[in-house]
Amino acid sequence: MSANKLYLGIIIYLYLPLTVFLLGWVSPIVSVPVLFISIAGIFFAMRNVWNNNKSEIIPVSVLEIGFILLLFIFFFIFVGQGDLFPQDFDWHKHHAIFNDLLNYSWPVVYDNNSMLTYYLGQYIVPAAIAKILFHSNLVMRIMIPVWNALGLLLVYIFMVSFLKAETKWKKLGILLAVFFWGGATNWGNIVYNIAGHETLGMLDGQYKWIDIERIRVHFASNYDACYGAFQHVISPWVACSFFVGNRKNTETYVMIALPLLFSATFGFVYFAALLLFFAIYDLMKDRRFKEWIKSIFSKGNLFLLPMTAVILIYLTGNILGDKPSAVGLRIIHMADYMDFFIIFVLCEFLGYALFLFKRNKRNVMFYAIVIELLIIPFISLGLYNDLCSRGGIPARFILMLLCIEQIYNSTKKDWCYAGLAALLVVAALNTEVQISAHIDRTIAGWKEKSYVEDDYKSLEGYAGNPDVRVDEAYNYYTLDYSDSLFKKIARK
């Protein structure tokens, strides 16, 4: 498979949700011109990508692609998509959003004059296909794991290319990383309890949080993130794959960041910060100001600004709406939780960084992601601070790539190799504990399907409702649709 086919597939995957949104939610007077201008922008942005990668061949066969796709479909079914296996609590929300996208006309406006306003990118394609094909909830349940598996397949193919994984064992290593990589959260929990904090209890299946009472800060493992928050995982991984493979093509930065604004807004925040850093770094390094300005204000970047404006107009009703302080933006005074912070960063990413330093001490990307991961826990947003757990996903994906790269390119006698390998195994045990609990829950509730999280059915009546959980009442809506700017450009 050629690298150009991979990158074209990535762009189609990232921009199909935006296309469906434009045509389904926005007035044709606005959506059609914006769509054509955006296609032109993508074409201009991709020219250098096609030229730079035209000779690269990725060692994956059609048979391998088919097998891996089926494996990923099963993986997403296993973590709850399709309602056949246990689901995370967030699936109450996921089901409601999918149901409303299927059953309401677009844009989705509720009886209390609130509009569904959320990063719908990973929801909207399965819902649109189900809406077109028989208006069927069954079709939608089938398409959810298929759509996510297609995105993960693109990530797998990129990892094979980037890591030069030509052998079956190296490809198996990539799959194991996709399923098992994460921080050593369980060991952090043990140390935290030994230090005198018993907010969760030691060795009590705590594979997700170190503390949830004093401070709500966590980084989810790959498995846990896919289990509860697929919408925050797949698109950022796909976008990061394109970015890492084409880092110096500054004229593609808007193109690759924009889809995350609509698909994974928390991931977009910190991914955009990385892009901004490297744009400035390139200027400081090369000192070619005219060329730099030309790449920043390229046709590829400028032609995508109208679509950016439409998405921002849509999301603004949610982002700028009045919300209780419990789900608002705040700075955490980490000095009050310094014991937690030290344990957290060491078990979640700094341990990896220590073993990666020798090989990556001249790698600017390494420093950028480590510094960003150190900063992220200080900024909180949402009842359970999803800005931290989900916003850190792009940087942690790149950290995972660096870990695998070092394992594949170090000698077994290297102490960094040994230490990194040991830490990876210890962290994988964290996911193994979660999978075991998942299987136990499956066995316990298989007959009555008690593990399907589908109590909400719809978000009708939830917006601004004081009788529901505060995040359910304020996180997913433009509360006054009639006075919103989006209504002026919305499909009637």
remark   = With the dipole of segment 399-474 defined by +1 on each Lys or Arg Cβ and -1 on each Asp or Glu Cβ, the option from Ala444, Val426, Gly461 whose Cα lies farthest towards the positive pole is Val426
ask   = Rounded, prolate or oblate: which fits the chain when a ≥ b ≥ c are the square roots of the eigenvalues of the alpha-carbon gyration tensor, with rounded for a/c under 1.5 and prolate only if a/b beats b/c?
value = rounded
task = Arrange the peptides 46-53, 138-145 so that the one whose residues have, on average, the most other Cβ atoms within 10 Å appears first.
result = 138-145, 46-53
remark   = What helix-only [θ] at 222 nm does the chain give? Using -39500 (n - 2.57) per DSSP H run of at least 4, over all residues, to the nearest 500, the answer is -20000 deg cm²/dmol
message = Give me the three principal axis extents of segment 258-404 from the C-alpha atoms, as integers in angstrom, largest value leading.
response = 48, 45, 26
task = Pairs to check: Lys5/Lys168; Lys290/Lys488; Lys164/Lys449; Lys208/Lys248. Give those whose C-alpha atoms are more than 32 Å from each other in this structure.
result = Lys290/Lys488; Lys164/Lys449; Lys208/Lys248
About the Cα centre, charge dipole magnitude for segment 1-117 (Lys/Arg +1, Asp/Glu -1 at Cβ), debye = 520 debye
remark   = Among the DSSP H helices of the chain, those whose Cα atoms extend at least 15 Å along the helix axis and whose mean Kyte-Doolittle hydropathy is 1.0 or higher are 3-25, 28-53, 62-78, 121-132, 137-162, 168-180, 234-245, 253-263, 265-286, 305-319, 364-375, 393-409
task = Mind putting a number on the dipole of the chain about its Cα centre? Charges go on the C-beta only, +1 for Lys and Arg and -1 for Asp and Glu, and I need it in Debye to the nearest 20.
result = 2160 debye
remark   = Taking alpha-carbon centroids only, segment 225-278 lies from segment 13-69 a number of Å equal to 14 Å
ask   = Using Cα pairs under 8 angstrom and six or more residues apart, how large is the relative contact order of segment 105-186, in percent?
value = 14 percent
ask   = If we sort 9-20, 316-327 on the protection proxy, mean other Cβ atoms within 10 Å, highest first, what's the order?
value = 9-20, 316-327
query = Looking at Ile371, Asn249, Phe21, which one has the Cα that reaches farthest to the positive end of the dipole of the chain (charges on Cβ: Lys, Arg +1; Asp, Glu -1)?
reply = Asn249
ask   = How big is the Rg/Rh ratio for segment 385-492, C-alpha atoms only, Rh by Kirkwood, two decimals?
value = 1.18
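All of the numbers you see were taken from the coordinates with simple rules; none came from a lab. These figures come from a predicted structure and were not determined experimentally. Methodologically, a virtual Cβ is constructed for each residue, glycine included, from the backbone with ideal geometry; neighbour enumeration extends over all protein chains shown.
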